[in-house]
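Enquirer: There's a structure below that I have some questions on.
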There are 2 protein chains.
Amino acid sequence: MKYNKIYTDCAATTPVDPRVIKAMMPYFFVKMGNPASMHKMGQDNFEVLEKCRQITADFVGAAKKEEIIFTGSATESNNLAIKGVMWANQKNGKHLIVSSVEHDCILESAKWLSRNGFEVSYLAADEYGMIHPETVEAAIRPDTILVSVMHANNEIGTINPVSEIAKVCHKHGVLFHTDAAQTCGKIEVNVQKNGADLLTASSHKMYGPKGVAFLYIKTGTVIEAWTHGGGQEGGLRSSTVNIPAIVGFAKAIEIANKEMASEEKRLIVLRDKLIKNVLKEIPTAGLNGHPSKRLPNIASFRFAYIEGESIIYWLNEYGIMASTGSACSSPKLTASHVLTACGLRKEEIHGSLRLSLGKWTTEKDIDFIIEKLQIVVEKLNKLSPFIKK
Amino acid sequence: MKYNKIYTDCAATTPVDPRVIKAMMPYFFVKMGNPASMHKMGQDNFEVLEKCRQITADFVGAAKKEEIIFTGSATESNNLAIKGVMWANQKNGKHLIVSSVEHDCILESAKWLSRNGFEVSYLAADEYGMIHPETVEAAIRPDTILVSVMHANNEIGTINPVSEIAKVCHKHGVLFHTDAAQTCGKIEVNVQKNGADLLTASSHKMYGPKGVAFLYIKTGTVIEAWTHGGGQEGGLRSSTVNIPAIVGFAKAIEIANKEMASEEKRLIVLRDKLIKNVLKEIPTAGLNGHPSKRLPNIASFRFAYIEGESIIYWLNEYGIMASTGSACSSPKLTASHVLTACGLRKEEIHGSLRLSLGKWTTEKDIDFIIEKLQIVVEKLNKLSPFIKK
């Protein structure tokens, strides 16, 4: 299968791998029992659920499958991690630390907590949007309960040194959560190695279906539910278990298990070709994020004098689909908090473009993008009132 | 399509209608854009999303489509309704009223609120599990903010007089929420007629996919988000919008629009045949729930002297799949709170069986169930230590 258009917005959402769709299909009709039901179709799906949980646990190096809680989205996992841990531990402290480059679902959860009696510290990033362990350590207080720093950033692709950050947290007896929504299925994510006590990952960012994600919760972590009801998922995520979506997610994980390493290498070649050529051919272009410690599939640029929205509009005319930054926040048209944290000026931020590649991106696509992006930037430069002509 | 087994657990979850699966398919791969993205595939899906919202709004008689918020499950909708309204209005009062026969997601949300500074009153039901308007009125206090009474009960099928309850609430300036997860798509649900300020419905209870539900919120209702993030769904439900699932839900609604009325009549005939014959042929059987004001698809029985779990086990051997009560709470093996609220004794509750029919249930299935249920009950009666032989 191949798109007739060039889709370079894989950080927003990925197409579902046809092998995943095929795996899900029987569970919509023929094998549709509720795993909480006691009859055969229910119990069969209970077994399927636990098999998927084991596949997921193995993928991220969890010690046992019960450490994996399936949720409806990474947003929900992050809300549960942040609010569930802070609420459950409030007798021991009310201080939360999050980085300033987190996804909105972490930042808005933190803001909600700060409106409800908690204190939040926001960690500064360096010019590449990276969070350093020493910045984390300096922010830890005796009443700090939890630190949340994302594995890699969704807008600029910078990978954070999470294992060093986890070590700092544990040295001070503080829990560590990382949002791995952009890394899981793209680069290695292993809780034994990165030391996370809680870890979020999402299906639809790695060629699985939407509507399912997980939260890894290390055994012994004190956390309470944020969605209450029938007590599914160890009491931490009530709701009828979404078997078709979980089967799809597990299939996406199995595929990633086999293909991730080679795909990572392939994407790095394409990404680097894209970055090198854009910086070479377009003199007003700059790279956002870390030059080497970055996701294999994200290239984020800024273009002086012109607007990211206009670039997207014109690329779209050529069939190239991209974003300025996070899809979630694009309708807001506010300056990206990530690029602001990198120390960029407002006009630089508004000239930003994110190209996020995926498994259907070809070298021909990259060549086409480089060619058309030059034309678009040239066209917009001519219209820009900020360039002396 | 037809099951080779007899599935009578449609109140737990329904199979996805093949027409719904077909409608969803293109949105997994070809039309997979994130509606928050600014490019063509994103904007195309934004239009699809708003079209689905309009279909949903029209189905329940909402004044405008923005009154419909898509969520991930009825549990999530109910959590948002209860916690979101109570939290947002806490300066005006901290008193919540819920019925004692609500689904666990309402009851557990209420319990969480009562652990966090709110006061909750639980409404008593009559012997049929029905909640009466006068019971509601007697519980309302000056500091009452919200009343939540389900449209129809998921275990016994009793339909509550929600429009009368809404009138009582509004007379006292109190908001009214109803959980219509079991009624929407089965009997008429119209917010203009039932007067609900907030209403929950679920896709997978009406032949749509799992992982999607909605909350109707009347314009002007003061409510705050319970899941924070990118600000999707009018800021009330952050998370990447699950387009395939929403498209499926809207298709299920369109099908219900056309077929619900005739299907309701068909199911009532089957249900009544089942009830009449079980009560006639099995002398130890009793009907749970209201004799006439009940869902077209739910028949709930109690059998003296024997255990519901044993009945399910033996029916399962004949390929008949049923539940004792709510699938959500069946693994807990605690006595059903619904049947307790109806005034049943513990031994009567433990002998309960719910048969919930659906669009693939045939008259032949009903005949088969009546025949096999007699055999199973007879077999278990012989083993029961409570019957004098």
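None of the figures in this text is laboratory data; all of them are computed from the coordinates on show. Bear in mind the structure is a predicted one, so any value in this text is a computation, not a measurement. Positions of Cβ are backbone-derived with ideal geometry, glycine not excepted, and every protein chain shown enters the neighbour counts.
Enquirer: Hey, any hits in segment B:130-137 for a residue that's within 14 Å of chain A (Cβ to nearest Cβ) and not hydroxyl-bearing (S, T, Y)? Spell out how you get there, then give the answer.
Expert: Initially, segment B:130-137 is screened for residues within 14 Å of chain A (Cβ to nearest Cβ), giving none.
No, segment B:130-137 has no match at all.
Enquirer: Test B:G286 against the stated conditions and say whether it is buried (at least 19 other Cβ atoms within 10 Å of the Cβ) and not charged (D, E, K, R).
Expert: Spelling it out, it is not the case that B:G286 is buried (at least 19 other Cβ atoms within 10 Å of the Cβ) and not charged (D, E, K, R).
Enquirer: Does B:I69 satisfy the condition of being in contact with a Gly (Cβ under 8 Å, 6 or more places away or on another chain), buried (at least 18 other Cβ atoms within 10 Å of the Cβ) and within 12 Å of another protein chain (Cβ to nearest Cβ)?
Expert: Taking the combined requirement at face value, the residue does not satisfy it.
Enquirer: Just need a number here: residues in segment B:196-225 that are surrounded by 24 or more Cβ atoms within 10 Å (Cβ to Cβ), assigned to a loop (DSSP other than H, G, I, E, B) and within 12 Å of chain A (Cβ to nearest Cβ).
Expert: Counting residues in segment B:196-225 that are surrounded by 24 or more Cβ atoms within 10 Å (Cβ to Cβ), assigned to a loop (DSSP other than H, G, I, E, B) and within 12 Å of chain A (Cβ to nearest Cβ) gives 9.
Enquirer: Consider segment B:362-384. How many of its residues are within 16 Å of B:N316 (Cα to Cα) and within 25 Å of the chain's Cα centre (by Cα)?
Expert: So the count comes out to 3.
Enquirer: Moving to a separate point now. Taking the options A:G235, A:G248, name whichever one is surrounded by fewer than 24 Cβ atoms within 10 Å (Cβ to Cβ) and closer than 30 Å to B:A74 by Cα.
Expert: A:G235
Enquirer: Looking at segment A:137-194, which of the residues that are part of a helix (DSSP H, G or I) and of a type in the set (A, V, I, L, M) is farthest from A:F249 (Cα to Cα)?
Expert: A:A138
Enquirer: Which one is nearest to the chain's Cα centre (by Cα), of the residues in segment A:72-86 that are aliphatic (A, V, I, L, M) and within 14 Å of another protein chain (Cβ to nearest Cβ)? So that I can check it myself, show each step before the final result.
Expert: Within segment A:72-86, the subset aliphatic (A, V, I, L, M) is A:74, A:80-82, A:85-86.
If we keep only those that are within 14 Å of another protein chain (Cβ to nearest Cβ) as well, we get A:74, A:80-82, A:86.
On the way: A:A74: 8, A:L80: 16, A:A81: 15, A:I82: 16, A:M86: 22 Å.
Of everything passing the filter in segment A:72-86, A:A74 is nearest to the chain's Cα centre (by Cα).
Enquirer: Return the residue satisfying two criteria in turn: it lies in segment B:1-53 and is among the acidic types (D, E) and more than 9 Å from every other protein chain (Cβ to nearest Cβ), and of such residues it is surrounded by the fewest Cβ atoms within 10 Å (Cβ to Cβ). Full working, then the answer.
Expert: First, pick out the residues of segment B:1-53 that are among the acidic types (D, E): B:9, B:17, B:44, B:47, B:50.
Narrowing further to those that are more than 9 Å from every other protein chain (Cβ to nearest Cβ): B:44, B:47, B:50.
Numbers: B:D44: 15, B:E47: 10, B:E50: 13.
Taking the candidates together, the pick is B:E47.
Enquirer: Just to check your reading of the model, which residue among A:A57, A:A62, A:A125 is more than 9 Å from every other protein chain (Cβ to nearest Cβ), part of a loop (DSSP other than H, G, I, E, B) and under 26 Å from A:E233 (Cβ atoms)? Steps first, please.
Expert: Numbers: A:A57 fails: part of a loop (DSSP other than H, G, I, E, B); A:A125 fails: under 26 Å from A:E233 (Cβ atoms).
Criteria check complete, one pass: A:A62.
Enquirer: Among the residues of segment A:276-310, what is the count of those that are within 14 Å of chain B (Cβ to nearest Cβ) and not in a loop (DSSP other than H, G, I, E, B)?
Expert: Going through segment A:276-310 one residue at a time, the tally reaches 3.
Enquirer: Which condition does A:Y313 not pass, out of (1) surrounded by fewer than 20 Cβ atoms within 10 Å (Cβ to Cβ); (2) among the aromatic types (F, W, Y); (3) not in a helix (DSSP H, G or I), if it passes all the others?
Expert: The one condition A:Y313 does not meet is (3).
Enquirer: A further question on this structure: Which residues, counting only those in segment B:59-106, are among the aliphatic types (A, V, I, L, M) and under 30 Å from B:D126 (Cβ atoms)?
Expert: Correct list: B:V60, B:A74, B:L80, B:A81, B:I82, B:V85, B:M86, B:L96, B:I97, B:V98, B:V101, B:I106.
Enquirer: Here is a follow-up. Any chance you could count how many residues in segment A:87-112 are assigned to a helix (DSSP H, G or I), within 22 Å of the chain's Cα centre (by Cα) and not small (G, A, S)? Spell out the reasoning first.
Expert: Taking segment A:87-112 first, the residues assigned to a helix (DSSP H, G or I) are A:87-88, A:104-112.
Going one step further and asking which of them are within 22 Å of the chain's Cα centre (by Cα), we end up with A:104-112.
Now restrict to residues that are not small (G, A, S): A:104-108, A:111-112.
Of the residues in that region, 7 qualify.
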